[in-house]
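K.L.:
One structure, as structure tokens, below. Some questions next.
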Amino acid sequence: MTSTKDPNNEVSFAETAMRMGGKTEEEATRTGAVDRADDQVESMFAPQYKTVNSPIHKAVWDEKVPIELFTPPKISADDVSNPAMQKSIEALKKHRDAKDIYDEKGKVSEQVFKDLADAGYWGMLIGKNYGGQGATVIQFMRFLANIAKVDPTCAGLASVHGCIGAVDPVQSFGTEEQKKKFLPLLASGKALSAFALTEPCAGSDLTALRTTAVLKGDNYIINGEKLFITNAIPGRTVGIVCLIDGKPAALIADLPPEENEHFKVVTYGLHALKHAYNNGLVFKDFAVPKENLLIPPIGDGLTVAYHGLNLGRLALCATATGVMKVMLANMLPWAHFRETYGHPVDTRELVKRRIARAAALIVGSEALYQWGSWLLDQGYRGELECVIAKIFGSEAQKEVAIELFMKTHGGRSFLHGHMFGDNVHEFLAPCIYEGEGEMLGMAFFKSLAKAHGQKFFEPVGMALQREKIKAFNPTNPAHAFALRNELIPYAMWRAGKMFEGPDQHTIAGMNETLQDHINFALDMLRELPIELSQNMVKHQLKLADRQCRIADLSRRVQDTIIMIVTCMWAHKQEDEVLIASADILCQDLRRGLTGHRASDKYFRACSKLADMVIAGGFKDLQDVHQADILFPYQKKASAKEPAAAGSKS
Ligand SMILES: Cc1cc2nc3c(=O)[nH]c(=O)nc-3n(C[C@H](O)[C@H](O)[C@H](O)COP(=O)(O)OP(=O)(O)OC[C@H]3O[C@@H](n4cnc5c(N)ncnc54)[C@H](O)[C@@H]3O)c2cc1C
């Protein structure tokens with residue numbers, strides 16, 4: 001990271017545009033605050049790692065798609081099997097087999113926290129010089145996907161602690177003294193952490209934060225209420241985002257071992273993350289030492305929050321990948337055991353399509369979090385890339401759970417003790433936390449379109465103000481003449497796009513089908529900037545209100561990028577099942593982009609992939625624990641399968 005000028009006090013064009021578009025002063029100011037926070041994060045990165053130089057931004061706006069930036073190296077099993085990782089997995093498997101991961105309250109037990117601490121689990125992302133394991137982002141995320149196959153809540157807690165909790169804020173923004181004070185404790189698990197950002201009045205809209213901190217003597221005195229804070233119980237270490245002099249700030253606070261008159265825990269029933277604590281926190285004149293304030297080189301508390309959220313979003317996708325593997329691995333024995341009309345349901349085309357779709361979503365998710373992690377390891381900001389991974393991972397997990405896993409398990413899905421019924425809220429909640437998917441999709445579009453807007457439309461907007469033109473009409477000669485100097489650069493860009501030749505990348509050794517998907521995506525990437533830009537011209541200052549169009553455009557860019565990332569990743573794996581899964585995902589995405597119907601060839605490809613998965617070809621499912629089939633039964637003698645009484649089949 002590097003720092004340049006502080007955009008703290010600049011009024012962004014987004015803010016000006018909101019005012020010009022007739023928005024209220026409050027909305028314009030708040031939008032400006034979000035935009036500035038984003039600029040501040042951006043200004044910490046060296047030019048080559050900023051959003052405009054990120055793979056997605058370049059792929060959309062540059063003449064050539066930088067395909068090399070979509071090609072992370074293959075990560076082998078050895079890369080994620082350092083002794084601490086191995087010990088952690090073994091410790092967790094031991095508890096899973098003993099069925100004692102959770103205590104009598106159904107929460108991850110203190111013993112599990114301790115055994116994981118002994119294994120080095122809580123220090124994975126912390127540098128070795130502070131007592132941690134010093135894992136790279138890609139190693140950590142790949143490991144997390146493995147942990148999620150054993151216990152998703154423990155994977156989630158590692159993310160809360162290491163990504164959005166206190167670890168990343170202190171490691172990325174702490175002074176040497178703060179690092180020495182907090183990191184060894186956080187690495188050893190003696191301090192476990194949470195991140196307290198959202199409030200009853202502030203979730204999607206973080207400009208609505210109300211919790212305050214006021215410096216009195218050697219302490220900041222905090223007043224306010226936080227809501228939905230995962231892993232927040234007395235005794236934990238919490239990163240608190242609150243307002244100091246009206247600006248968001250991040251303080252690291254050690255919560256007292258028990259509630260007192262300055263600190264109360266608000267409990268409520270919460271269906272999701274049921275094996276972890278999630279509470280509200282009420283602070284009344286709660287004192288935090290002033291040296292616990294994190295001061296980013298540029299920006300404020302939201303800068304700290306957004307930094308950790310990028311990691312958190314990859315972790316969410318990695319965890320979802322592991323969870324989806326568990327669901328697919330548990331669809332197979334059931335679909336093989338269950339017979340209807342004399343045949344196992346896994347011989348049916350409909351069920352095979354579900355198996356293929358699950359494999360496809362897993363591969364897309366795996367590709368996205370590994371790619372995003374690799375980019376963060378190189379120093380990229382990774383905002384766009386992490387957002388895509390978060391949206392895809394959470395939506396894929398929702399689809400696998402509801403459309404594929406639940407439907408295939410039929411009525412048993414709703415029995416107590418069935419993985420679906422017992423965990424349905426766990427499968428859905430990632431669509432909301434760390435940013436609701438559609439809101440993030442709109443933010444994705446905004447980041448993607450920002451530089452183009454600033455370059456070509458901001459001068460036009462300023463000229464409109466200068467010329468006092470309220471509604472710009474490009475076909476009006478008077479308007480065109482008044483704004484000729486501002487319009488010429490855009491006209492030249494637009495003409496250049498029309499004459500741009502096709503971008504082609506022949507990937508050495510790539511299977512023909514995947515290469516065809518790459519070619520399609522590259523063609524899309526020639527059209528998308530024009531589509532995006534046309535909408536900016538069409539809706540002008542009202543574009544911010546055209547949320548459905550923004551969401552639609554965002555979706556189209558995301559799907560195109562997902563195709564490239566998935567193909568490149570699958571190609572590197574040199575595994576026919578993963579390649580076939582990538583093909584199915586790309587066919588699905590292509591149909592979404594073109595509006596075409598599924599062909600018979602596609603259905604045949606699904607069945608073929610499902611047969612390979614059923615035959616054990618999806619290697620990463622092999623170590624997944626398979627739950628007992630509920631209400632097993634003796635099959636009739638004529639049936640092809642022998643009965644598997646009360647057990648796995
Ligand atoms: C299980 C769980 C764990 C969590 N853990 C943490 C944690 O550890 N720390 C923490 O700080 N927070 C945590 N959260 C909070 C979480 O980050 C928020 O719930 C999330 O960011 C959404 O905020 P909200 O619930 O206030 O939604 P709201 O702000 O109430 O928004 C609701 C919905 O309205 C729509 N909407 C809102 N604004 C707009 C707009 N401008 N335009 C169009 N549509 C709009 C969106 O669809 C949005 O999802 C957790 C939440 C859950 C459920």
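The values are calculated or read from the model by the stated rules, or taken from the named source; none is laboratory data. Quantities reported herein were computed from a predicted structural model and do not represent experimental measurements. Methodologically, a virtual Cβ is constructed for each residue, glycine included, from the backbone with ideal geometry; neighbour enumeration extends over all protein chains shown.
K.L.:
If only one of Gly421, Gly411, Gly435 is crowded, with 20+ Cβ neighbours inside 10 Å and either more than 10 Å from the ligand (Cβ to nearest atom) or in contact (Cβ under 8 Å) with a residue 12 or more places away in the chain (or both), which one is it? Can you show your working first?
P.N.:
Working: Gly421 fails: crowded, with 20+ Cβ neighbours inside 10 Å; Gly411 fails: crowded, with 20+ Cβ neighbours inside 10 Å.
Within the list Gly421, Gly411, Gly435, the selection yields Gly435.
K.L.:
Now, a different point. Among the listed residues Lys450, Lys398, which satisfies the condition of being touching a Cys at 6+ places or on another chain (Cβ under 7 Å) and surrounded by 16 or more Cβ atoms within 10 Å (Cβ to Cβ)? Spell out how you get there, then give the answer.
P.N.:
Values: Lys450 fails: touching a Cys at 6+ places or on another chain (Cβ under 7 Å).
Among Lys450, Lys398, only Lys398 is touching a Cys at 6+ places or on another chain (Cβ under 7 Å) and surrounded by 16 or more Cβ atoms within 10 Å (Cβ to Cβ).
K.L.:
Going by what's in this entry, would Tyr220 be described as within 11 Å of the ligand (Cβ to nearest atom) and among the aromatic types (Phe, Trp, Tyr)? It would help to see each step written out before you state the result.
P.N.:
Numbers: within 11 Å of the ligand (Cβ to nearest atom): no; among the aromatic types (Phe, Trp, Tyr): yes.
It is false that Tyr220 is within 11 Å of the ligand (Cβ to nearest atom) and among the aromatic types (Phe, Trp, Tyr).
K.L.:
Restricting to region 68-96, count the residues that are touching a helix residue (DSSP H, G or I) at 6+ places or on another chain (Cβ under 7 Å), over 24 Å from Gln111 (Cβ atoms) and assigned to a helix (DSSP H, G or I).
P.N.:
We begin by selecting, within region 68-96, every residue touching a helix residue (DSSP H, G or I) at 6+ places or on another chain (Cβ under 7 Å); these are 69-72, 74-75, 79-80, 84-85, 87-89, 91-93, 95-96.
Subsequent filtering for residues that are over 24 Å from Gln111 (Cβ atoms) retains 69-72, 74-75, 79-80.
Next, only the ones that are assigned to a helix (DSSP H, G or I) stay: 69-70, 79-80.
Total meeting the criteria: 4.
K.L.:
Return yes or no: is Thr321 more than 24 Å from Phe143 (Cβ to Cβ), more than 15 Å from the ligand (Cβ to nearest atom) and part of a helix (DSSP H, G or I)? Talk me through it step by step, then tell me what you get.
P.N.:
Details: more than 24 Å from Phe143 (Cβ to Cβ): no; more than 15 Å from the ligand (Cβ to nearest atom): yes; part of a helix (DSSP H, G or I): yes.
No.
K.L.:
All but one of (1) surrounded by fewer than 17 Cβ atoms within 10 Å (Cβ to Cβ); (2) part of a loop (DSSP other than H, G, I, E, B); (3) within 16 Å of the ligand (Cβ to nearest atom) hold for Thr207, so report the exception by its number.
P.N.:
(2)
K.L.:
So Asp516 clears everything in (1) modelled with pLDDT of 95 or more; (2) closer than 28 Å to Ala14 by Cβ; (3) not hydrophobic (A, V, I, L, M, F, W, C) except one condition, right? Which one?
P.N.:
(2) is the only condition that Asp516 fails.
K.L.:
While we're here: Only residues that are away from the ligand (no atom under 16 Å from the Cβ) and either buried (at least 17 other Cβ atoms within 10 Å of the Cβ) or under 22 Å from the mean Cα position of the chain (by Cα) (or both): list them for region 537-558, please.
P.N.:
Hits for region 537-558 are Gln540, Leu541, Arg556, Val557, Gln558.
K.L.:
Ala443 passes all but one of (1) within 16 Å of Val323 (Cα to Cα); (2) free of Cβ contacts under 8 Å to residues at least 60 places away in the same chain; (3) surrounded by 16 or more Cβ atoms within 10 Å (Cβ to Cβ); (4) of a type in the set (A, V, I, L, M); which number fails?
P.N.:
It fails just one condition, (1).
K.L.:
Six or more apart or on different chains, Cβ atoms under 7 Å: show the pairs whose first residue is in region 462-484 and touching a residue at least 24 places away in the same chain (Cβ under 8 Å) and whose second is part of a helix (DSSP H, G or I) and surrounded by 11 or more Cβ atoms within 10 Å (Cβ to Cβ).
P.N.:
Here the result reads Gln465/Met20; Phe472/Leu464; Phe472/His479; Phe472/Gln540; Pro474/Ala480, each pair linking region 462-484 to a residue that is part of a helix (DSSP H, G or I) and surrounded by 11 or more Cβ atoms within 10 Å (Cβ to Cβ).
K.L.:
Test each condition in (1) surrounded by 18 or more Cβ atoms within 10 Å (Cβ to Cβ); (2) out of contact with any Cys (no Cβ under 6 Å at 6 or more places or on another chain) for Ala315 and report the one that comes out false.
P.N.:
(2)
Results for (1) within 24 Å of the chain's Cα centre (by Cα); (2) under 22 Å from Phe143 (Cα atoms), shown as yes or no for each residue.
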residue: Asp38; (1), (2): yes, no
residue: Asp62; (1), (2): no, no
residue: Ala84; (1), (2): no, yes
residue: Arg96; (1), (2): no, yes
residue: Ile101; (1), (2): no, yes
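K.L.:
Okay, next question. Taking region 191-201, which residues are in a strand (DSSP E or B) and either more than 7 Å from the ligand (Cβ to nearest atom) or touching a Pro at 6+ places or on another chain (Cβ under 7 Å) (or both)? Don't jump to the end; show me each part of the working.
P.N.:
Of all residues in region 191-201, those in a strand (DSSP E or B) come to 193-196, 199.
Once the filter is applied, which keeps residues that are in a strand (DSSP E or B) and either more than 7 Å from the ligand (Cβ to nearest atom) or touching a Pro at 6+ places or on another chain (Cβ under 7 Å) (or both), region 191-201 yields Ser193, Glu199.
K.L.:
Taking Val214 as the residue in question, decide whether it is buried (at least 24 other Cβ atoms within 10 Å of the Cβ) and more than 11 Å from the ligand (Cβ to nearest atom). Break it down into steps so the answer makes sense when it comes.
P.N.:
Details: buried (at least 24 other Cβ atoms within 10 Å of the Cβ): no; more than 11 Å from the ligand (Cβ to nearest atom): yes.
No, not satisfied.
K.L.:
Follow-up question, since we're still on this one. Regarding region 532-539, can at least one residue be identified that is among the aliphatic types (A, V, I, L, M), touching a residue at least 24 places away in the same chain (Cβ under 8 Å) and in contact with a Leu (Cβ under 8 Å, 6 or more places away or on another chain)?
P.N.:
Going residue by residue through region 532-539, those that are among the aliphatic types (A, V, I, L, M) are 532, 536-537.
Subset that is touching a residue at least 24 places away in the same chain (Cβ under 8 Å): 532, 536-537.
Checking the rest, the ones that are also in contact with a Leu (Cβ under 8 Å, 6 or more places away or on another chain) come to 532, 536.
Looking for residues that are among the aliphatic types (A, V, I, L, M), touching a residue at least 24 places away in the same chain (Cβ under 8 Å) and in contact with a Leu (Cβ under 8 Å, 6 or more places away or on another chain), one finds at least one in region 532-539, hence yes.
K.L.:
Of the conditions (1) in a loop (DSSP other than H, G, I, E, B); (2) within 16 Å of the ligand (Cβ to nearest atom), Ile229 satisfies every one except a single condition; which number is it?
P.N.:
(1)
K.L.:
Go over the candidates Val304, Val282 one by one and state the one that is under 17 Å from Gly203 (Cα atoms), within 16 Å of the ligand (Cβ to nearest atom), β-branched (Val, Ile, Thr) and within 28 Å of the chain's Cα centre (by Cα).
P.N.:
Details: Val282 fails: within 28 Å of the chain's Cα centre (by Cα).
Of Val304, Val282, the one residue that is under 17 Å from Gly203 (Cα atoms), within 16 Å of the ligand (Cβ to nearest atom), β-branched (Val, Ile, Thr) and within 28 Å of the chain's Cα centre (by Cα) is Val304.
K.L.:
I'd like the residue in region 238-255 that is β-branched (Val, Ile, Thr) and within 13 Å of the ligand (Cβ to nearest atom) and, out of all such residues, is farthest from Arg210 (Cα to Cα).
P.N.:
Per the criteria, the residue is Val238.
K.L.:
Within region 249-256, identify whether any single residue is surrounded by fewer than 22 Cβ atoms within 10 Å (Cβ to Cβ), over 29 Å from Leu384 (Cβ atoms) and in contact with a Ser or Thr (Cβ under 6 Å, 6 or more places away or on another chain), and answer yes or no.
P.N.:
Taking every residue of region 249-256 in turn, at least one turns out to be surrounded by fewer than 22 Cβ atoms within 10 Å (Cβ to Cβ), over 29 Å from Leu384 (Cβ atoms) and in contact with a Ser or Thr (Cβ under 6 Å, 6 or more places away or on another chain).
K.L.:
Can you confirm whether Asp62 is closer than 30 Å to Gly509 by Cβ and either surrounded by fewer than 14 Cβ atoms within 10 Å (Cβ to Cβ) or of a type outside the set (Lys, Arg) (or both)?
P.N.:
Working: closer than 30 Å to Gly509 by Cβ: yes; either surrounded by fewer than 14 Cβ atoms within 10 Å (Cβ to Cβ) or of a type outside the set (Lys, Arg) (or both): yes.
Yes.
K.L.:
Okay, next question. Only helices (runs of 4 or more DSSP H) wholly contained in region 114-190 count here; list those with 1 or more residues that are free of Cβ contacts under 8 Å to residues at least 12 places away in the same chain and within 16 Å of the ligand (Cβ to nearest atom). Give the derivation first.
P.N.:
Working: elements: 137-150, 152-159, 167-173, 176-188.
Output list is empty.
K.L.:
Quick one: would you say Ile561 is β-branched (Val, Ile, Thr), surrounded by 18 or more Cβ atoms within 10 Å (Cβ to Cβ) and more than 27 Å from the chain's Cα centre (by Cα)? Can you show your working first?
P.N.:
Numbers: β-branched (Val, Ile, Thr): yes; surrounded by 18 or more Cβ atoms within 10 Å (Cβ to Cβ): yes; more than 27 Å from the chain's Cα centre (by Cα): no.
When the stated conditions are applied, Ile561 does not pass them.
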